[in-house]
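Any read-out appearing in this document is the output of simple, stated calculations on the displayed coordinates, not a laboratory observation. The structure presented is a predicted model; accordingly, all values stated were derived computationally and were not measured. FYI the Cβ positions are ideal-geometry reconstructions off the backbone, even for glycines, and counts take in every protein chain you see.
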Amino acid sequence: MDIIAQEFKTSGNIGAIARIMKNFEFENLILLNPKCNHLEKESLDRATHAKDILNNAKIVKELKGYDTLIGTTAKIGTDYNLNRTPITPEELAKLNIKGKVGIIIGRENDGMHNKELEMCDIVVN
């Protein structure tokens, strides 16, 4: 499973994601159109013992080849937001998802846009 950080602007936040990934035994960090250098000192310092995840991170301009994309949102679906109801992390954990899976974490300032969430197979709140 890949963890995809979309258009992150702050290198320290990418380092924090790498640290959390290491704690939960995730290895594959994908940086979708990053707006900063993920190998800056701030990122490396915040990653602590997860520098290997930062060093192995892949930078991409678009997402290809995923069987299942899972979008994340802090907002629940309404008439002005999503047209579908997001599931909880607990519900996601119960699903038996096969193939190449990516979990997308949206931008720091405004998350994922509605059109991006609509392209995801699953949305988690």
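For the pair residue 27 and residue 49, how long in nm is the line joining their label points, each one 7 Å along Cα→Cβ?
Output for this residue pair reads 1.7 nm.
Grab every C-alpha pair in segment 1-67, bin the distances at 5 angstrom width from 0 up to the longest one, and report whole percents.
Computed distribution, short to long bins: 4, 21, 33, 25, 12, 4, 1.
Long-range amide H contacts for residue 87: which residues qualify at under 5 Å (H placed 1.01 Å from N, peptide plane, sequence gap of 5 or more or a different chain)?
123, 124, 125
Could you point to the residue in 21, 54, 11 farthest towards the positive end of segment 1-59's charge dipole, with +1 and -1 charges on the Cβ of Lys/Arg and Asp/Glu respectively?
11
Residue-wise, which Karplus ³J(HN,Hα) couplings in Hz belong to segment 19-34, taking 6.51 cos²θ - 1.76 cosθ + 1.60, θ = phi - 60°, and x for glycine or proline?
4, 5, 4, 4, 4, 9, 6, 8, 10, 9, 9, 10, 9, 8, 6, x
With +1 on the Cβ of every Lys and Arg and -1 on the Cβ of every Asp and Glu, and nothing else charged, how large is the dipole of segment 1-58 about its Cα centre, in debye rounded to the nearest 20?
Approximately 140 debye in magnitude.
Residue-wise, which Karplus ³J(HN,Hα) couplings in Hz belong to segment 39-45, taking 6.51 cos²θ - 1.76 cosθ + 1.60, θ = phi - 60°, and x for glycine or proline?
10, 5, 4, 4, 5, 5, 5
Lysines near residue 35 by alpha-carbon distance under 21 Å, same-chain residues fewer than 8 away left out - which ones?
Cross-link targets: 9, 51, 58, 61, 64, 115.
Would you please calculate the Kirkwood hydrodynamic radius of segment 7-125 over all C-alpha pairs and express it in Å, rounded to one decimal?
15.1 Å
With θ set to phi - 60° and the Karplus curve 6.51 cos²θ - 1.76 cosθ + 1.60, what are the ³J(HN,Hα) couplings of segment 118-125 in order, to the nearest whole Hz, using x for Gly and Pro?
After applying 6.51 cos²θ - 1.76 cosθ + 1.60, I find 5, 7, 7, 6, 9, 10, 10, 10 Hz.
Distance in nm between label sites at residue 96 and residue 115, each 7 Å beyond Cα in the beta-carbon direction?
Result: 3.7 nm between the two label points.
If you count, for each residue, the other Cβ atoms within 10 Å and average over each peptide, how do 47-57, 94-104, 112-122, 14-24 line up from highest to lowest?
14-24, 47-57, 112-122, 94-104
In debye to the nearest 20, how big a dipole does the chain give about its Cα centre with +1 on each Lys and Arg Cβ and -1 on each Asp and Glu Cβ?
200 debye
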